[in-house]
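J.: This is the structure, below, for whatever I ask next.
The values are calculated or read from the model by the stated rules, or taken from the named source; none is laboratory data. Model, not experiment: these values are computed from the prediction. Note that each Cβ is placed from the backbone with ideal geometry, even for glycine, and that neighbours are counted across all protein chains shown. Side chains included, ligands, DNA and RNA excluded: accessible areas come from the protein's heavy atoms. Shrake-Rupley method; radii C 1.70, N 1.55, O 1.52, S 1.80 Å.
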Number of protein chains: 2
Amino acid sequence: MSDMTASASPADVLIVGGGIGGLSAAFALAREGLRVRVLEQAREFGEVGAGLQIAPNCTRILSDYGLLDEAKRLGVLPKSMVMRDAVDDAELTRLDLTDLERRYGFPYMVIHRSDLHGIFLRACRTAGVDLVTDARIVGYENTEAGARVVSEDGRTDEARVVIAADGLHSVARGLLSDDEPVSSSYVAYRAAVPIEQAGRDVDLSEVSVHVGPGCHFVHYGLRGGEMLNQVAVFQSPKALAGEADWGTPDELDAAFDATCPEVKDGISLMWRDRWWRMFDRDPIMTWVHGNIALLGDAAHPPLQYMAQGAIMAIEDGWVLARHAAAHRAEDGSIDWRATLTAYEAVRPEHCRRVLTTARAWGELWHLDGLARLQRNTLLRARDTYDYSFIDWIYGPTALTPEEEPPMFAPIPLGSADISGLTR
Amino acid sequence: MSDMTASASPADVLIVGGGIGGLSAAFALAREGLRVRVLEQAREFGEVGAGLQIAPNCTRILSDYGLLDEAKRLGVLPKSMVMRDAVDDAELTRLDLTDLERRYGFPYMVIHRSDLHGIFLRACRTAGVDLVTDARIVGYENTEAGARVVSEDGRTDEARVVIAADGLHSVARGLLSDDEPVSSSYVAYRAAVPIEQAGRDVDLSEVSVHVGPGCHFVHYGLRGGEMLNQVAVFQSPKALAGEADWGTPDELDAAFDATCPEVKDGISLMWRDRWWRMFDRDPIMTWVHGNIALLGDAAHPPLQYMAQGAIMAIEDGWVLARHAAAHRAEDGSIDWRATLTAYEAVRPEHCRRVLTTARAWGELWHLDGLARLQRNTLLRARDTYDYSFIDWIYGPTALTPEEEPPMFAPIPLGSADISGLTR
């Protein structure tokens, strides 16, 4: 049995998976002075996909990492998020993202998935993370001193702790649960194209969401407005019928046939050579198996309706590193058992809520008939500045000890400080 | 060295302090099958004080314990909470407590402190908790197998874990911090009197709060409306001047001299033979010292402005017992190290926020001059049904895995379920 990285010095932490979750956790731990090695199965570190929305609970962490300015340069900071009915284009509700930034202290922004990945990759390199490619991990086991991983080609590596950020189809998750990915029978089409190809007037100051019967459509700008990002999601009749070949472009066109011109114009731009069938998994509350812990999609792959998948992964790494720092002895050694226990005490409940709420949001968005009209009435009744449905996600949590909770609604949460009043 | 309870069998957990925090934790742990002993310094188990407000984050736990119906029989469920200006009696803002119960799934109620204590005392007896009085603990030490306590008269007792619920002046806290109680220079007068002694029309469907310059006044009903509970709180000029004899009844009368008749009429009823100087402590984030852990006021004594002191203690016990259950091995033994690590990962941050926010609320309530008018404008602008300033306290937290978070504002949080829409 050969070592995976014969020449490298031993790591304190092995991270399996070099996606956004794995790399952000690696950076967070390296920042605490730990020797971290990332094992990525692909030939190169990279990300497929298109745009990504990053809410204040993520930009707050990027700011703590010193990476927010770079993210802002690469992304777009929209002024509002508007939800409309996909059938008649009528506005249902909106968020004022300028006010939202005031409330939570950090911006809501959109960025290309590969740009965010690149930010973490560069940060890892600068922080001295050992980045290994071509390492597909197929086996995990606890050892007396830590945990060991085995790659597809029989190589092994070992460290005090192994963090499995190996995604929706996580191998490590099998140590803790025999659940399988759950098909939503929905499929996503994406497109990220130069803005001049849009072929229509698009207001890039908005994140726009059209919700319709069994479908929805999202668009926003990327890279300072040079690109238009689009996502079209629909329920596949062939998936419902149990057919294997589901989510094909003919289904895309049929699903959006009854939508308004503003949406249909966008559908014609979608990439048609690839699509993403949407799976999540049931929440699990145990993420730690000895010295092996799950992180990101391996622990909590959501449906994407809350745009919190990548963010939860980034939060995981932040929390893990924070508790590692809190459980560091005077000689610099980390009490990993306490760290992983704390991580597991804090994270699964929040992620469970995001997973179940994302499913419920999906139902709400995709209603038809009378229920759709009732939904529209509810959404129209929502005050633009009522944040009660997102405070629990974007607001101060156990994640953010620097933040103070809201005082009274008129006092913005990002600066919940009444000292100005008493002067 | 004699044993404190020579005849009793050894306990799994010793709890020092038989107040609401100690007893509720004892009950929570006994409910998990643990052998629990409570060591109380007084001759008898009992509580001094008057009324107590218990918000949905507490009634939710009482419901889980099967104790809510008993609490409802002994308490009062008011219909609204109204905040008025103590100078001119003008309404500033209100909570609709019926709607609040709908939102959070559990009621907001008021109860006599001794009644709530009695509920936990009876529950502990039924659950087989060993209740020991006349045991004033003055020493704590970790041992190889757990922790040991020493009483004032030299007796000792020992268990796997010691929970110190020994209040504001906690001895055990000295193991973790050298901080001292912080005087707010405010003092509270109380009265709980038969309703016929009120001598004025009092609307017991309300929890009423009058906020004024350097003072505030609270009243509500108790025991099904048979009693009127009043609290008068003010800043003591003698405390500010550094005099030892502060908070005397002459200061009470002077402090409320400029308030409206609705308040002044109540002041005449206050008990004048005892008063409570109001102290809190700075937040501390480490509550666990080996096998000894702080709970309740010992860990986080707040100023009372959020009415969360007793509630936080009750939450502490619930969380502790929940994590003990989660870290139980197949042979029934509890991994206490993991349990205490999880407890400390979850609780201190929330309590830190309550402590700092309570101080800020106190400042807000007690403003004078122009700042008071600005405050009043802010409070009047608050929508009755805007819960963003309390969602983080009353809403779903890591405490309440059964609860789902809010979907959209119009959908009540207590039943965040859109299934009705899709039928």
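J.: Sort shortest first the distances from B:Arg272 to its counterpart in every other copy, using label points 7 Å along the Cα-to-beta-carbon line, and give them in nm.
T.: 9.0
J.: State in Å² the accessible area per residue of region A:59-191; use a 1.4 Å probe, count heavy atoms of protein chains only, and round to the nearest integer.
T.: For region A:59-191, the solvent-accessible area averages 39 Å² per residue.
J.: Please work out the ratio of the alpha-carbon Rg of the protein assembly as shown to 2.2 N^0.38 Å and round it to two decimals.
T.: 1.01
J.: Here is a further query. Please give the average number of partner chain Cβ atoms lying within 10 Å of the Cβ of each residue in A:338-350, rounded to a whole number.
T.: For this peptide, the per-residue mean of nearby foreign Cβ atoms is 6.
J.: When a/c is below 1.5 the answer is rounded, else prolate if a/b is larger than b/c, else oblate, so apply that to region A:215-325 with a ≥ b ≥ c taken from the square roots of the Cα gyration tensor eigenvalues.
T.: The shape class here is oblate.
J.: Let me ask something additional. What shape does region A:147-247 have by the C-alpha gyration tensor, where a ≥ b ≥ c are the square roots of the eigenvalues, rounded means a/c under 1.5, and otherwise prolate means a/b greater than b/c and oblate the rest?
T.: oblate
J.: Using mean Cβ contacts within 10 Å as the protection proxy, how do B:191-204, B:377-390, A:219-232 order, highest first?
T.: A:219-232, B:377-390, B:191-204
J.: Using the beta-carbon distance between A:Asp179 and B:Thr286 and R0 = 35 Å, what value does 1/(1 + (r/R0)^6) give for FRET efficiency, to the nearest 0.05?
T.: Efficiency at R0 = 35 Å is approximately 0.45.
J.: For a quick check: with amide H placed at 1.01 Å from N, whose amide H comes under 5 Å from B:Leu367's, ignoring anything fewer than 5 positions away on the same chain?
T.: B:Gly214
J.: How far is B:Arg102 from itself in the other copies, in nm, if each label sits 7 Å out from Cα along the Cα-Cβ line, shortest first?
T.: Its label point is 3.0 nm from the equivalent points in the other copies.
J.: Calculate, in nm to one decimal, what B:Ser9 and B:Glu91 gain on full extension: separation in residues at 0.36 nm each, minus their alpha carbon distance.
T.: Difference between extended and current length: 23.8 nm.
J.: Taking only the alpha-carbon atoms of region B:1-158, what semi-axes of the equivalent ellipsoid follow from 5 times the gyration tensor eigenvalues under a square root, in whole Å, largest first?
T.: Value: 38, 17, 13 Å, ordered largest first.
J.: How big is region B:97-159 in terms of Cα radius of gyration and Dmax, in angstroms?
T.: Reported Rg and Dmax, both Å: 18.9, 54.
J.: Partner chain Cβ atoms within 10 Å, averaged over the residues of B:382-388 - can you pull that number for me?
T.: Mean number of neighbouring Cβ atoms from other chains: 6.
J.: Filter the trypsin sites (Lys or Arg not before Pro) in region A:243-318 to those in DSSP coil with at most 14 other Cβ atoms within 10 Å of their Cβ, and list the result.
T.: When the trypsin sites (Lys or Arg not before Pro) of region A:243-318 are filtered for loop state and at most 14 Cβ neighbours within 10 Å, A:Arg272, A:Arg274 remain.
J.: Moving to a separate point now. Can you list the residues of region B:279-299 with backbone N under 17 Å from a point 7 Å past the Cα of B:Glu144, pointing along Cα to Cβ?
T.: Once the point is set 7 Å along Cα→Cβ of B:Glu144, B:291 turn out to lie under 17 Å by backbone N, inside region B:279-299.
J.: I've got another one for you. Using a 1.4 Å probe, what is the accessible area per residue for region B:322-380, in Å²?
T.: 39
J.: Tally up the carbon and sulfur contribution to the accessible surface of the protein assembly as shown as a whole percent, 1.4 Å probe, everything protein left in place.
T.: Taking all protein chains in place, the protein assembly as shown shows 48 percent carbon and sulfur surface.
J.: Probe radius 1.4 Å, ligands and nucleic acids left out: can you give me the accessible area buried at the B-A interface, summed over both chains, in Å² to the nearest hundred?
T.: 4300
J.: Mind listing the Cα extents of region A:25-93 along all three principal axes, in Å, largest one first?
T.: 55, 29, 19
J.: Two-decimal Rg/Rh of region B:317-364 from alpha-carbon positions, Kirkwood Rh?
T.: 1.25
J.: If Lys and Arg each add +1 and Asp and Glu each add -1, what is the summed charge of the other residues whose beta carbon sits under 10 Å from the beta carbon of A:Pro249?
T.: Overall, the nearby charge balance is -3.
J.: What's the average, rounded to a whole number, of partner chain beta-carbon atoms within 10 Å of each residue's beta-carbon in B:363-373?
T.: Going residue by residue through B:363-373 and averaging, the value is 2.
J.: Using R₀ = 45 Å, calculate the FRET efficiency as 1/(1 + (r/R₀)^6) where r is the Cβ-Cβ separation of A:Asp245 and A:Arg380; round to 0.05.
T.: Using R0 = 45 Å, I get an efficiency of 0.70.
J.: So who's got an amide H within less than 5 Å of the one on B:Ile54, skipping anything under 5 residues away but keeping other chains? H placed 1.01 Å off N, in plane.
T.: Residues meeting the criterion, in which the H sits 1.01 Å from N, are B:Met109, B:Val110, B:Ile111.
J.: I'd like the distance separating the alpha-carbon centroids of region A:151-198 and region B:183-198, in whole Å.
T.: 60
J.: Where in chain A are the DSSP H helices whose C-alpha atoms run 24 Å or more along the long axis and whose mean Kyte hydropathy is at least 0.0?
T.: Going by DSSP H runs, the hits are A:309-326.
J.: Rank by packing, highest mean first: peptides A:350-362, B:15-27, A:286-298, with packing defined as the count of other Cβ atoms within 10 Å averaged across residues.
T.: B:15-27, A:286-298, A:350-362
J.: Within a Cβ distance under 13 Å of B:Gly212, other residues only, what is the Lys/Arg minus Asp/Glu net charge?
T.: With Lys, Arg at +1 and Asp, Glu at -1, the net is -2.
J.: Compute the distance in nm between two label points, each set 7 Å from the Cα along the Cα-to-Cβ direction, one at B:Ala254 and one at A:Asp99.
T.: The answer from the label model is 4.6 nm.
J.: Taking amide H atoms as placed 1.01 Å from N in the peptide plane, list the residues 5 or more away in sequence, or in a different chain, whose amide H sits under 5 Å from that of B:Met227.
T.: B:Ile195, B:Leu222
J.: Let me ask something else. Post the alpha-carbon centroid distance, region B:66-116 to region B:292-358, in whole angstrom.
T.: So the two Cα centres are separated by 24 Å.
J.: Using the Cα atoms of region B:268-363 to build a convex hull, what is its mean projected area in square nanometres?
T.: Taking a quarter of the hull surface, the average projection is 8.0 nm².
J.: Give a residue-ordered list of calculated ³J(HN,Hα) values for region A:172-189 (Karplus: 6.51 cos²θ - 1.76 cosθ + 1.60, θ = phi - 60°; whole Hz; x for Gly, Pro).
T.: Per-residue couplings from phi come out as 5, 4, x, 5, 10, 7, 9, 6, 10, x, 9, 7, 8, 6, 9, 9, 10, 9 Hz.
J.: Still on this structure: In sequence order, what are the phi-derived ³J(HN,Hα) couplings for region B:163-169 according to the Karplus relation 6.51 cos²θ - 1.76 cosθ + 1.60 with θ = phi - 60°, rounded to whole Hz, with x for glycine and proline?
T.: Using θ = phi - 60°, the values come out as 9, 9, 10, 9, x, 3, 9 Hz.
J.: Just to verify a number: FRET efficiency for A:Ser333 and B:Glu196, C-beta to C-beta distance, R0 = 45 Å, to 0.05?
T.: It comes to 0.10.
J.: Now for a different question. Across 5 Å bins from the origin, how do the percents of Cα pairs in region B:81-232 run, short distances first?
T.: Distribution as computed: 2, 7, 11, 12, 13, 13, 12, 11, 10, 6, 3, 1, 0 percent.
J.: For chain A, what does the equivalent ellipsoid look like in terms of its semi-axes, each the square root of 5 times an eigenvalue of the Cα gyration tensor, given largest first in whole Å?
T.: 36, 27, 20
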